[in-house]
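Report on the following structure.
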Amino acid sequence: MSRRDLTGVVDFSVLDRTTGGNDAVSEEILGLFVQQAEVWAPLLDIRDQGWRDAVHTLRGTAAGIGAGALAQACAVAEAAEKADAPPRLERVRDALDAALADVAAWRHELMLRSLKG
């Protein structure tokens with residue numbers, strides 16, 4: 001996985017502006033995003049009472065790293081009535097998977113940069 005694997009679903013310039021270009025801080029924030037995804041992704045199901053909390057939390061963390069499509073999908077799902085939520089939650093899961101793939105590629109790039117020192 002490397003920079004060439006980036007799809008563009010995450011705009012890492014957003015993260016870069018937040019961190020001032022500090023790769024170590026970027027890595028820490030991206031690691032926290034991955035942890036948040038692991039915690040909240042299992043709740044992206046209307047059978048779970050916490051589904052709305054999950055999309056709300058993921059929306060904020062997505063916006064913070066530049067995952068605009070994920071943040072938007074979360075906003076739509078969060079505003080949905082429960083009966084309308086299943087397809088919207090599916091879009092959130094798809095957007096989360098795409099964002100996590102880009103995050104993995106970017107973290108790999110950060111690791112390579114740190115080795116070059």
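We did not get these values from a lab; they are worked out from the coordinates using the rules stated. Treat the numbers as computed from the prediction; the structure is a model and nothing was measured. Please note: Cβ atoms are built from the backbone with ideal geometry, for glycine as well, and neighbour counts cover all protein chains shown.
Among the residues making up the range 84-117, a single one is among the acidic types (Asp, Glu) and in contact with a helix residue (DSSP H, G or I) (Cβ under 7 Å, 6 or more places away or on another chain): 109.
From the list 38, 81, the lone residue that is without any contact (Cβ under 8 Å) to a residue 60 or more places away in the chain, out of contact with any helix residue (DSSP H, G or I) (no Cβ under 9 Å at 6 or more places or on another chain), closer than 30 Å to residue 110 by Cα and of a type in the set (Asp, Glu) is 38. On the given criteria, is residue 46 among the β-branched types (Val, Ile, Thr) and farther than 28 Å from residue 110 by Cα? When the stated conditions are applied, residue 46 passes them.
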